[in-house]
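Note sheet for the following structure.
The values are calculated or read from the model by the stated rules, or taken from the named source; none is laboratory data. Computed from a predicted structure; not experimentally measured. Here the Cβ is made from the backbone with ideal geometry for all residues, glycine too, and neighbour counts use every protein chain on show.
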Amino acid sequence: MDFGFTEEQVGLQDQVRRFVASECPLTRVRQIMEADRAYDAALWSKTAELGWQALTVPEAYGGLGLAWEDLIIVAEETGRGLLPSPLLATAAAARLLAALGDEKQKSRWLASIAAGQTVATIAALEDGDVLDERGITCRAEVRAGGEVALHGSKSLVAYGQAADLFLVVAREQDGVSVFAVESPASGLVVEPLSLVDATQRAADVVLDGVIVPESARLGPAGKAWPAVRSVLDAAAVALAAELVGAADASVAMATEYAKIRRQFGQPIGRFQGVKHRLAELHVAVESARSLVYYAAWAVDHAGDPSMHVSMAKAYASTAADEAGEECIQIHGAIGFTWECDAHLYYKRGRCCRNLMGSPEAHRERVLTSQGL
């Protein structure tokens with residue numbers, strides 16, 4: 001059985017890597033970090049021309065209709081270059097729209113997402129930081145006249161300050177529903193956050209009686225959680241793929257520096273304390289990559305991919321965190337300076353370690369799935 005990439009997937013990987021290297025090197029990443037705007041609109045348009053936003057959108061709505069595995073290829077390469085982009089947040093929202101939306105809703109939003117005209121995001125996580133149904137306390141109040149009022153708040157909404165469309169997960173009746181909320185909307189307050197990793201953007205979102213029509217509900221009332229959980233798993237795998245790319249870049253940067261930095265008359269890469277640690281990190285990154293690739297396949301093909309998703313996220317988070325830290329250590333004093341790019345990768349690993357669930361939470365989930 002062949003588990004390697006197809007010729008088309010290898011071509012996609014090469015295209016993304018070349019694009020990120022030429023259009024958004026780390027010097028450009030630093031400029032975007034310091035800008036007021038959450039993302040670079042010109043870069044967003046260029047990636048839309050390449051079909052990245054359309055990648056997993058069904059063909060019937062202007063997309064390419066490819067699998068989540070193909071998005072993972074893009075995510076790994078954007079993570080390698082720390083590309084600041086709402087691509088993954090929008091892809092996850094598009095997946096939820098495709099899973100729950102009716103024909104009218106999908107026609108309205110998916111084509112716009114595929115064309116790069118709409119930035120979308122999912123607003124699910126709340127202050128309790130619980131990524132399951134019991135963590136949803138945001139309320140949907142059905143009113144007379146076919147209206148729904150949304151009350152509550154959401155935390156760490158990916159690229160919330162840039163979103164044109166929020167898919168808000170709210171409690172309704174005895175279950176959970178999803179509502180499409182366009183920005184701006186009366187009662188919708190977006191509060192940008194300052195993250196440790198300035199290459200990413202997120203916001204807290206307050207819903208103070210936001211009024212939407214009942215037609216904004218995706219799917220049956222109170223029955224959305226299985227689809228939401230499935231999409232959150234897919235988003236966790238995409239984040240893990242970005243972390244694999246970032247970890248791989250950290251190891252490569254540290255390895256290159258170990259070849260040229262000389263101490264006691266020889267490159268520091270010859271010292272056991274350096275080369276053995278780099279070898280260990282290389283194994284960790286490759287192991288994480290294998291887990292991520294399998295989990296990406298599982299979210300589309302396995303009945304219950306939760307165990308594979310959690311294994312991938314836990315391992316990728318740990319690998320990226322350790323690789324970023326070790327990259328700084330191997331660079332020595334210069335690794336602690338703003339001018340050295342090592343800290344950018346360190347902060348990505350630190351910031352994303354606990355996003356979409358910490359390694360400890362995902363390991364607990366793996367044990368639970370095995371009945372332990």
Name the residue, out of Ala42, Ala60, Ala54, Ala92, that is of a type in the set (Gly, Ala, Ser) and farther than 14 Å from Ile113 by Cβ. Ala42
Among what's in the range 248-261 and is in contact (Cβ under 8 Å) with a residue 24 or more places away in the chain and of a type outside the set (Val, Ile, Thr), pick the residue that is surrounded by the fewest Cβ atoms within 10 Å (Cβ to Cβ). Arg261
Can Thr90 be described as crowded, with 22+ Cβ neighbours inside 10 Å, outside any helix (DSSP H, G or I), at pLDDT 95 or above and in contact with a helix residue (DSSP H, G or I) (Cβ under 7 Å, 6 or more places away or on another chain)? no
Breaking point among (1) assigned to a helix (DSSP H, G or I); (2) more than 21 Å from Ala295 (Cβ to Cβ), for Glu126: (1)
Within the group Ser310, Ser317, Ser290, which residue is out of contact with any helix residue (DSSP H, G or I) (no Cβ under 6 Å at 6 or more places or on another chain), polar (S, T, N, Q) and modelled with pLDDT of 95 or more? Ser290
Which residue out of Ala21, Ala54, Ala48, Ala41 is without any contact (Cβ under 8 Å) to a residue 40 or more places away in the chain and hydrophobic (A, V, I, L, M, F, W, C)? Ala41
Out of (1) buried (at least 20 other Cβ atoms within 10 Å of the Cβ); (2) assigned to a helix (DSSP H, G or I), what's the single condition that is false for Gly63? (2)
Only one of Gly245, Gly269, Gly324 is surrounded by 15 or more Cβ atoms within 10 Å (Cβ to Cβ), at pLDDT below 95, in a helix (DSSP H, G or I) and not assigned by TED's automatic domain parsing to the domain that holds Asp197, namely Gly269
In this structure, is Ala314 in a helix (DSSP H, G or I) and either in contact (Cβ under 8 Å) with a residue 60 or more places away in the chain or assigned by TED's automatic domain parsing to the domain that holds Pro25 (or both)? no
Run down Asp204, Asp233, Asp208 and say which single residue is assigned to a helix (DSSP H, G or I) and not hydrophobic (A, V, I, L, M, F, W, C). Asp233
Considering residues of the range 137-159 that are of a type outside the set (A, V, I, L, M, F, W, C) and in a loop (DSSP other than H, G, I, E, B) only, the residue nearest to the chain's Cα centre (by Cα): Tyr159
Surrounded by fewer than 21 Cβ atoms within 10 Å (Cβ to Cβ), within 28 Å of Ala198 (Cα to Cα) and out of contact with any Asp or Glu (no Cβ under 9 Å at 6 or more places or on another chain): which single residue out of His276, His362, His301, His343 fits that description? His343
Test result for Asp70, of a type in the set (D, E, K, R), within 24 Å of Ala302 (Cα to Cα) and not assigned by TED's automatic domain parsing to the domain that holds Tyr294: yes
So which residues in the range 346-358 are out of contact with any Pro (no Cβ under 8 Å at 6 or more places or on another chain) and either under 21 Å from Ser85 (Cα atoms) or crowded, with 22+ Cβ neighbours inside 10 Å (or both), if there are any at all? Tyr346, Lys347, Arg348, Gly349, Arg350, Cys351, Cys352, Asn354, Leu355, Met356, Gly357
Any hit, the range 122-131, residues being modelled with pLDDT of 95 or more, touching an Asp or Glu at 6+ places or on another chain (Cβ under 8 Å) and crowded, with 20+ Cβ neighbours inside 10 Å: no
Just name the residue that is farthest from Phe5 (Cα to Cα) out of those in the range 36-60 that are crowded, with 20+ Cβ neighbours inside 10 Å and small (Gly, Ala, Ser). Ala38
